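**Q** The structure is given below, and queries will be raised subsequently.
Every number in this text was worked out from the coordinates using simple rules, so none of it is lab data. Fair warning: this is a prediction, and the values are worked out from it, not measured in the lab. Every residue, glycine among them, receives a Cβ derived from its backbone with ideal geometry; neighbour counts consider all protein chains shown.
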Amino acid sequence: GNGLVAHVGFAYPTEPSLSKILAQCAIELGLKHQLGGTYVNMAGPAFSTLAESRLYKSWDA
């Protein structure tokens, strides 16, 4: 058809100003959150091995 396909760049997949707004909402709601960090994406369905999980944790991901 005449659809449109778009992809989000993986270098900066989130909008900083929106992240700050969401973090403030989390604070106001008393929700545990983290602003910043590393996002790890795995094609699935798949489950991480214990070694992979520890690796991602060592990356603070």
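**Q** Using +1 at the Cβ of each Lys and Arg and -1 at the Cβ of each Asp and Glu in the chain, identify which of Ala26, Ser58, Val40 lies farthest towards the dipole's positive end.
**A** The residue sitting most towards the positive pole is Ser58.
**Q** Any chance you could run the full-extension gain for Ile21 through Gln34? It's 0.36 nm times the residue separation minus the Cα-Cα distance, nm to one decimal.
**A** This chain segment gains 3.4 nm when fully extended.
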